[in-house]
Amino acid sequence: MIERHQSFEGVYWIVEQGQRLLATVSLDPGTSIYGERTFRHGELEYREWVPYRSKLAAAILTGLKELPIKPSSRVLYLGSATGTTVSHVSDIVGSRGIVFAVDFAPRVMAQFIERVARRRSNVIPILEDARLPERYMAFVGKVDVVYCDVAQPEQAKLLIDNCVAYLKRGGEALLAVKARSIDSTEDPEKVFRREIAVLERGGLSVKEHVRLEPYEEDHIMVRVKYE
């Protein structure tokens, strides 16, 4: 059985043998991106969204109250890696939305293009360094949402710079914070508080943050608004 998510448009529940599995409607039916299960229901195919493989799915399951990524959204995705979460964001925004996917590692980008981008017309791969947002201004205009999953010490500043360059006023961003990537010796809670303070000093209004356990250890997802 398929149920719409009670809060987030474009997100679904698959009810299977007493389990409730998070899912999105596949834009590329017949394809499994990272080994996720697929389920046919009527004319649509649904892809299980595995929280142990996607921090955004983990955030939804651990209590994220609002999801700024919606059908038709323009999304700047920083740290696309091989495309696990990008593929689900692509499903959500649909054919009328677009995902600009930035990563700096050539080998990873090649895998991403092969697995995801070449099969999805709403995904634009950009081989660039997200610390230098001016380098991809030729490809990216104003966006509704910035999503950032770049595991490095300056990730909050990186997000601020990209929001200033690309995010519409009133738009929102999501930042996956991995404490151990910022300071492996510091208490994670102190790291989280410090990163939130950096975001606020940078002009972003923090709306909520959720811990990602049990799916990811020492991580939070932060939702901010660019006022």
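Bear in mind these aren't lab numbers, they're just calculated from the coordinates by the rules spelled out. No experiment lies behind these values; they were computed from the predicted model shown. Cβ coordinates were reconstructed from backbone atoms using ideal geometry, including for glycine residues, and neighbour counts include every protein chain displayed.
The trypsin sites (Lys or Arg not before Pro) of segment 71-164 that meet both conditions, a loop assignment by DSSP and at most 13 other Cβ atoms within 10 Å of the site Cβ, are ARG96, LYS142.
Rounded to the nearest 20 debye, the dipole size of the chain about its Cα centre is 480 debye, using +1 on the Cβ of Lys and Arg and -1 on the Cβ of Asp and Glu.
For the options LEU21, LEU212, LEU199, a Gaussian network treatment of the chain with springs between C-alpha atoms closer than 10 Å singles out LEU21 as fluctuating the most.
Annotation: amide H of HIS41 within the under-5 Å range of TYR46, sequence separation 5 or more or interchain, hydrogens built in the peptide plane. Under a Gaussian network description of the chain, with springs only between Cα atoms under 10 Å, the residue in VAL145, VAL116, VAL15 that fluctuates furthest is VAL15. Once the Cα atoms of helix 155-166 and of the chain are each reduced to a long axis, what angle between those two axes, in degrees from 0 to 90 to the nearest 10, is obtained? With both axes taken from Cα atoms, the answer is about 80 degrees. Between the exposed loop cleavage positions of the chain, defined as chymotrypsin sites (Phe, Trp or Tyr not before Pro) in a non-H, G, I, E, B DSSP state with at most 14 neighbouring beta-carbon atoms within 10 angstrom, the longest gap is 140-227. In loop segments of segment 1-66 as defined by DSSP, the trypsin sites (Lys or Arg not before Pro) with at most 13 further C-beta atoms inside 10 Å of their C-beta are ARG37, LYS65.
Inter-label distance, ALA165 to GLN6: 4.0 nm, where each label sits 7 Å from its Cα along the C-beta direction.
Counted residue by residue at 0.36 nm each, then reduced by the alpha carbon distance between them, the extension gain from GLU154 to GLU227 reaches 24.1 nm. For the pair SER121 and ASP187, label points projected 7 Å from Cα toward Cβ lie 5.4 nm apart. Here the relative contact order of segment 56-226, from alpha carbon pairs under 8 Å that lie six or more residues apart, stands at 22 percent.
Computing FRET efficiency as 1/(1 + (r/R0)^6) for VAL198 and THR31, where r is the C-beta to C-beta distance and R0 is 35 Å, gives about 0.35. Mean-square fluctuations from a GNM of the chain, with a 10 angstrom spring cutoff on Cα atoms, peak among GLN111, GLN155, GLN19 at GLN19. With a cut-off of 20 Å on the backbone N, the residues of segment 196-227 near the modelled label site 7 Å out from ARG20 along Cα-Cβ are 210-216. Gain on full extension, evaluated as 0.36 nm per residue between PHE104 and ALA138 minus their Cα-Cα distance, stands at 10.6 nm.
Cβ under 9 Å from ARG135's Cβ, ARG135 left aside: what net charge do those residues give with Lys, Arg +1 and Asp, Glu -1? Neighbour charge sum, excluding ARG135 itself: -3. Ordering GLY94, VAL108, ILE126 by the projection of their Cα atoms onto the charge dipole of segment 88-136, which places +1 on the Cβ of Lys and Arg and -1 on the Cβ of Asp and Glu, puts GLY94 at the extreme positive end. Less than 21 Å apart at the alpha-carbon level, and either on another chain or at least 8 residues along: which lysines does that give for LYS225? The qualifying lysines are LYS55, LYS65, LYS70, LYS142, LYS157, LYS168, LYS178, LYS207.
Computed from point charges on the beta carbon alone (+1 for Lys and Arg, -1 for Asp and Glu), the dipole magnitude for segment 177-224 about its Cα centre is near 260 Debye.
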